[in-house]
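The values are calculated or read from the model by the stated rules, or taken from the named source; none is laboratory data. Model, not experiment: these values are computed from the prediction. Methodologically, a virtual Cβ is constructed for each residue, glycine included, from the backbone with ideal geometry; neighbour enumeration extends over all protein chains shown. With ligands, DNA and RNA removed, areas are computed over all heavy atoms of the protein, side chains included. Shrake-Rupley method; radii C 1.70, N 1.55, O 1.52, S 1.80 Å.
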Amino acid sequence: MNHSEKKRLIELDHAHAWHPFTPMRQWRQNEPLIIESAEGDHLIDADGNRYIDGVSSLWCNIHGHRVPTLDNAVRDQLDRVAHTTMLGMSNVPATDLAARLAALAPGKLNKVFFSDAGATATELAFKMAVGYWFHRGQQRNTLIAIEGAYHGDTVGSMSVGYSATFHKPFDPLVFTVTHATAPDLFHSPDFTPDPNAPRRQWAAEHDDHVARVREDALTDLDRCLTAAAGKVAAVIVEPVVQGAAGIIIHPPGYLAAVAGLCKKHDTLLIADEVATGFGRTGRMFACELEDVHPDILCLGKGITGGYLPLAATLATDEIEDAFTGELHEHRTLYHGHTYTGNPLAAAVALASLDLFEQNDLLTRTRQTADWVAQQLDALRDRDRYPYVADVRQRGLMIGIELVPPGQTGATGFDPSRRLGYDIADACRARGVIVRPLGNVVVLMPPLAIDENNLKQLVETVVSEIEHLGRS
Ligand code: PLP
């Protein structure tokens with residue numbers, strides 16, 4: 001792209017584009033990175049610079065960019081029809097995809113409702129849960145979520161993932177949700193790693209601590225369920241990994257025990273696998289890690305391999321059945337979106353699922369994750385990496401928490417020290433894109449990332465973390 005064309009785009013961006021989760025005044029003080037194209041694991045900017053896509057274009061890219069099979073799936077579908085509604089009719093790829101997802105999903109999730117974003121998938125899940133009880137003659141309006149949860153930014157999902165810092169202006173809109181203690185190993189107040197230990201031990205490796213944090217969180221959830229007995233429509237969890245909270249990995253056994261508590265208290269379990277689904281944890285769905293069968297499952301992000309916006313909310317036959325009846329009963333789920341079941345998105349989703357099988361991508365993801373874990377072991381060297389306080393990984397969801405030496409993660413520290421952004425900026429200058437969550441550096445590469453690109457991604461991030469505080 002020539003200089004004047006780039007300048008034109010920057011001016012237009014600064015004049016008109018309002019970016020998500022972005023402090024816009026500060027954004028306009030800098031030249032934006034404008035991506036013009038991509039190839040495999042690389043994004044290519046307006047100047048032709050190449051960057052490894054270390055965040056999978058916000059946690060959704062699976063097989064890389066411009067994958068011929070996926071490109072062709074979109075082109076083939078374009079030759080048939082780009083969009084047609086699912087209100088009053090069906091279409092070929094969405095029908096096939098519904099059946100394929102029902103077969104793949106954990107448990108008996110036989111009914112698939114399509115939408116177009118993670119937030120719409122979770123929003124719908126809440127309505128399915130509350131509506132299910134309503135149609136069974138019960139007024140159950142309480143949703144129980146886990147502290148720090150993130151389920152999207154529509155009003156319902158914002159209510160469930162409420163954050164006092166982010167959502168203050170919207171207080172009059174949000175509904176009340178009960179939040180149960182998160183089983184957060186690193187930020188729990190009683191986690192005090194020995195500061196003098198020569199080798200760092202991560203929070204997840206203190207067995208007593210892991211058991212105590214899990215049991216405390218479960219006791220609190222049990223208490224919440226008991227306190228709202230007969231009123232709880234559903235418990236909603238991000239299975240095994242709470243992504244946006246900072247890649248918080250739940251202790252083993254927690255998810256299965258949450259499912260057990262839902263049964264004990266006769267309520268529904270909603271699994272939000274928008275981030276964890278489609279292989280991220282090394283299994284197709286994180287629920288499989290603990291053999292959990294949710295009543296409702298939310299999918300998004302990686303569903304199309306990261307190509308097009310699509311989401312799905314899956315439910316059991318029993319849940320859907322509650323919304324059926326005679327017309328005058330008005331049990332119908334009066335809910336929908338214009339682009340529900342978009343054929344282009346469904347076609348590429350089917351092609352992405354084919355690629356999982358053809359490339360044995362889940363096995364490969366587990367091997368890649370093992371390799372990354374070995375590399376990140378180097379971060380235990382306290383002298384070399386004094387800022388590294390915790391490393392959390394499940395499959396290819398990785399968070400490296402940075403805390404200035406002498407401070408602890410539980411107490412927090414000066415928020416103006418934007419360590420995560422410092423690392424991201426330095427990595428970008430070296431051809432690697434990562435995006436932090438606060439002071440947690442997140443690595444979330446495409447599952448099919450090429451070995452050399454992965455090596456460059458990990459080495460760049462590790463070496464920038466080593467330089468922290470030294471320049
Ligand atoms: N649920 C979870 C667990 C997520 O991580 C996200 C996004 O990061 C969402 C829901 C919202 O997805 P979307 O941004 O597509 O609305």
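What is the ratio of the Cα radius of gyration of region 1-126 to 2.2 N^0.38 Å, with N the residue count, to two decimals?
Relative to the 2.2 N^0.38 Å estimate, region 1-126 comes out at 1.40.
Gap in Å between the Cα centre of region 118-135 and the Cα centre of region 215-292?
17
Could you give me the ³J(HN,Hα) list for region 41-46, computed from phi with Karplus coefficients 6.51, -1.76, 1.60 and θ = phi - 60°, whole Hz, x at Gly and Pro?
Using θ = phi - 60°, the values come out as 8, 9, 9, 10, 8, 4 Hz.
For the charge dipole of region 208-322, defined by +1 on Lys and Arg C-beta atoms and -1 on Asp and Glu C-beta atoms about the Cα centroid, which residue among GLY230, GLY305, ALA245 has the Cα displaced farthest towards the positive pole?
ALA245
What distance in nm separates the two pseudo spin-label positions at ARG80 and ASP370, each 7 Å out from Cα along the beta-carbon direction?
Those two pseudo-labels are separated by 3.9 nm.
Taking θ as phi - 60°, what are the ³J(HN,Hα) couplings along region 283-299 by the Karplus curve (6.51, -1.76, 1.60), each to the nearest whole Hz, with x for Gly and Pro?
Once θ is set to phi - 60°, the couplings for region 283-299 become 10, 4, 10, 4, 4, 5, 4, 10, 6, 9, 10, x, 7, 9, 10, 9, 10 Hz.
Express the carbon and sulfur contribution to the solvent-accessible surface of the chain as a percent, rounded to the nearest whole number, probe 1.4 angstrom. Numbers along the way, then the final one.
Working: 11270 of 21640 Å².
Result for the chain: 52 percent of the exposed heavy-atom area is carbon or sulfur.
Order ARG136, ARG80, ARG392, ARG100 by their accessible area, 1.4 angstrom probe, all chains in place, largest first.
ARG80, ARG136, ARG100, ARG392
Go through region 266-277 residue by residue and turn each phi into a ³J(HN,Hα) via Karplus (6.51, -1.76, 1.60, θ = phi - 60°); whole Hz please, and just put x for glycine and proline.
6, 9, 8, 10, 9, 9, 8, 9, 4, 8, 7, x
Among DSSP bridges having both ends in the chain, what percentage is antiparallel? Round to the nearest 5.
Bridges in the chain that DSSP calls antiparallel: roughly 65 percent.
Counting Lys and Arg as +1 and Asp and Glu as -1, each charge on the Cβ, what is the dipole of the chain about the Cα centre in debye, to the nearest 20? Write down the numbers at each step before the final one.
Details: 42 positive and 60 negative charges, 120 e Å.
Computed charge dipole of the chain: roughly 580 debye.
Need one value: the accessible area of ARG283 in square angstrom, 1.4 angstrom probe, rounded to the nearest 10.
Solvent-accessible area, nearest 10 Å²: 90 Å².
With every protein chain present, what is the per residue accessible area of the chain (1.4 Å probe, Å²)?
46
State the Kirkwood hydrodynamic radius of region 71-358 in Å, one decimal place, computed from all pairs of distinct Cα atoms.
About 19.9 Å, per the Kirkwood formula over Cα pairs.
Cut-off under 24 Å on the C-alpha distance; same-chain residues fewer than 8 positions from LYS301 excluded. Which lysines are left, in chain and number order?
Answer for LYS301, where 24 Å is the Cα cut-off: LYS108, LYS111, LYS127, listed by chain and number.
Of the options HIS265, GLN77, HIS293, report the single residue whose Cα projects farthest towards the positive end of the charge dipole of region 71-358 (beta-carbon charges: Lys, Arg +1; Asp, Glu -1).
GLN77
Under the definition of Cα pairs under 8 Å and six or more residues apart, what whole-number percent is the relative contact order of region 71-358? Walk me through the numbers before you get to the answer.
Working: 516 pairs, mean separation 86.6, N = 288.
Result for region 71-358 is 30 percent.
Starting from region 15-72, pick out the chymotrypsin sites (Phe, Trp or Tyr not before Pro) whose DSSP state is loop and whose Cβ has at most 16 other Cβ atoms within 10 Å.
Passing both the DSSP loop test and the Cβ count: TRP18, PHE21.
Return the long-range amide H neighbours of ILE398 (sequence gap of 5 or more, or a different chain), with a cut-off of under 5 Å between placed amide H atoms.
LEU443
Suppose accessible area is computed on protein heavy atoms with a 1.4 Å probe; arrange LYS127, LYS263 from highest to lowest.
LYS263, LYS127
Residues with beta-carbon under 11 Å from that of PHE21, excluding PHE21: net charge, scoring Lys, Arg +1 and Asp, Glu -1?
Charge balance near PHE21 sits at 0.
Grab the other residues whose beta carbon is less than 14 angstrom from that of GLY64, score K and R as +1, D and E as -1, and report the net.
Here the charged neighbours net out to -3.
Using a 1.4 Å probe and ignoring any ligands, DNA or RNA, find the accessible area of ARG435 and quote it in Å² to the nearest 10.
Only protein atoms counted, so the area is about 100 Å².
Cα centroids of region 317-363 and region 387-407: how far apart, whole angstrom?
Here the two parts' Cα centres lie 36 Å apart.
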